[in-house]
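**Q** Here it is: the structure, laid out below.
The values are calculated or read from the model by the stated rules, or taken from the named source; none is laboratory data. These numbers come from a predicted model, not from an experiment. Glycine also receives a Cβ, built like all others from the backbone with ideal geometry; neighbour counts cover every protein chain displayed.
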Amino acid sequence: MRDLHGLPEGFRPENAISNNGPNNLAIERYKIRELAEGWPCYRDAGEWANLKSVFHPGAYMFTTWTGKTPYLDFISASQRGMDRGAFVLHRTHGLTTDINAAATRAVTKMKATITQRFVIDGCEVDAEADCRFCYFWSKDPETERWGANCIRHWYEKDKLIPVDPRKVPHLDDEKLKAYPTGYRYLAYCQEETMGVKVKLDMPGHIRDKNRNGEMHDALYLQAKAWVEGEDVQF
């Protein structure tokens with residue numbers, strides 16, 4: 001049985017600073033925190049210029065509804081979605097950052113809730129997915145500017161909430177079974193209303209004993225490799 005009380009040996013980056021540490025690294029982690037927490041604030045408010053400033057050129061985003069996509073394409077798709085009535089918000093709940101001693105690379109894991117409003121079976125509902133953002137950061141050696149090279153997520157659990165408790169939609173139980181437990185209701189509603197095919201192999205929770213659990217581990221190992229300076233293929 002999987003040990004739920006710690007990561008397997010070899011999953012943590014060697015010699016990374018995660019908290020405390022020298023003052024100069026605390027300042028670097030503060031800069032990174034501004035960027036990490038800025039992403040949902042900028043995106044939800046439509047502050048697109050500020051959102052673009054979070055990324056390095058050539059960076060990627062991964063989402064349930066786009067899969068891997070260049071960050072500028074993600075922003076364009078988000079704008080088109082808003083124009084069509086998509087209503088997506090994010091709540092952030094805290095974060096941690098592993099940074100290397102040279103302050104050139106870092107990974108942030110940020111707890112968040114993705115909440116998206118839908119109309120299903122004539123009922124307004126909010127699909128809420130608890131997740132962790134995983135930001136892969138690097139610092140430009142010339143400008144000393146931090147930016148994201150890639151942003152991914154662990155999808156850990158979700159739920160569907162009726163906006164009006166008197167109106168509860170009917171859901172297709174068999175269809176629901178096809179979606180991962182970490183974003184089951186979010187995926188169901190996205191496919192029902194957005195005309196997309198949701199990616200089913202996104203990283204899940206440590207307790208998942210399926211492809212999503214495998215991807216959970218794979219993302220941790222990618223994060224470790226990134227902080228340790230390896231060439232990571234996103």
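**Q** Taking into account only those residues within segment 223-234 that are touching a residue at least 60 places away in the same chain (Cβ under 8 Å) and either in a loop (DSSP other than H, G, I, E, B) or not hydrophobic (A, V, I, L, M, F, W, C) (or both), which is surrounded by the most Cβ atoms within 10 Å (Cβ to Cβ)?
**A** Lys224
**Q** Also, I was wondering about something else. Of the conditions (1) of a type in the set (Ser, Thr, Tyr); (2) within 27 Å of Asp217 (Cα to Cα); (3) under 18 Å from the mean Cα position of the chain (by Cα), Thr104 satisfies every one except a single condition; which number is it?
**A** With (1) of a type in the set (Ser, Thr, Tyr); (2) within 27 Å of Asp217 (Cα to Cα); (3) under 18 Å from the mean Cα position of the chain (by Cα) applied to Thr104, the lone miss is (3).
**Q** In segment 66-95, which residue that is surrounded by 15 or more Cβ atoms within 10 Å (Cβ to Cβ) and among the hydroxyl-bearing types (Ser, Thr, Tyr) is nearest to the chain's Cα centre (by Cα)?
**A** Among them, the one singled out is Thr92.
**Q** Consider Tyr188 carefully, then state whether it is farther than 25 Å from Arg12 by Cβ and part of a loop (DSSP other than H, G, I, E, B).
**A** Numbers: farther than 25 Å from Arg12 by Cβ: yes; part of a loop (DSSP other than H, G, I, E, B): no.
Criteria not met by Tyr188.
**Q** If you go through segment 10-45 one residue at a time, how many are over 18 Å from the mean Cα position of the chain (by Cα) and over 19 Å from Ile99 (Cα atoms)?
**A** Here the count works out to 0.
**Q** Sticking with this structure for a sec: Does segment 85-103 contain at least one residue that is outside any strand (DSSP E or B), on the phi > 0 side of the Ramachandran plot and without any contact (Cβ under 8 Å) to a residue 24 or more places away in the chain?
**A** There is at least one residue in segment 85-103 that is outside any strand (DSSP E or B), on the phi > 0 side of the Ramachandran plot and without any contact (Cβ under 8 Å) to a residue 24 or more places away in the chain.
**Q** Restricting the search to segment 122-151, which residues are in a strand (DSSP E or B) and closer than 16 Å to Arg105 by Cα?
**A** Across segment 122-151, the qualifying residues are Cys134, Tyr135, Phe136, Trp137, Ser138, Lys139, Trp146, Gly147, Ala148, Asn149, Cys150, Ile151.
**Q** Suppose we filter Tyr60, Tyr30, Tyr42 for residues that are hydroxyl-bearing (Ser, Thr, Tyr) and either assigned to a loop (DSSP other than H, G, I, E, B) or over 30 Å from Lys197 (Cβ atoms) (or both); which single one remains?
**A** Working: Tyr60 fails: either assigned to a loop (DSSP other than H, G, I, E, B) or over 30 Å from Lys197 (Cβ atoms) (or both); Tyr42 fails: either assigned to a loop (DSSP other than H, G, I, E, B) or over 30 Å from Lys197 (Cβ atoms) (or both).
Unique residue meeting the criteria: Tyr30.
**Q** So, one more: Out of Arg132, Arg117, report the one residue that is within 28 Å of Gln190 (Cβ to Cβ), in contact (Cβ under 8 Å) with a residue 40 or more places away in the chain and among the basic types (Lys, Arg).
**A** On the way: Arg132 fails: in contact (Cβ under 8 Å) with a residue 40 or more places away in the chain.
On inspection, the qualifying residue turns out to be Arg117.
**Q** Something else about it: Name the pairs whose Cβ atoms lie under 6 Å apart, with the first residue in segment 11-22 and closer than 19 Å to Glu230 by Cα, the second of a type in the set (A, V, I, L, M, F, W, C) and in a strand (DSSP E or B), and 6 or more positions between them or separate chains?
**A** Sorted first by the residue in segment 11-22, then by its partner, the pairs are Ile17/Ile99.
**Q** Does any residue of segment 135-155 turn out to be more than 20 Å from the chain's Cα centre (by Cα), among the hydroxyl-bearing types (Ser, Thr, Tyr), modelled with pLDDT of 95 or more and under 22 Å from Gly38 (Cα atoms)?
**A** The answer is yes, given that some residue of segment 135-155 is more than 20 Å from the chain's Cα centre (by Cα), among the hydroxyl-bearing types (Ser, Thr, Tyr), modelled with pLDDT of 95 or more and under 22 Å from Gly38 (Cα atoms).
**Q** I'd like to verify a number: residues in segment 202-216 that are surrounded by fewer than 17 Cβ atoms within 10 Å (Cβ to Cβ) and in a helix (DSSP H, G or I), how many?
**A** Qualifying residue count, segment 202-216: 2.
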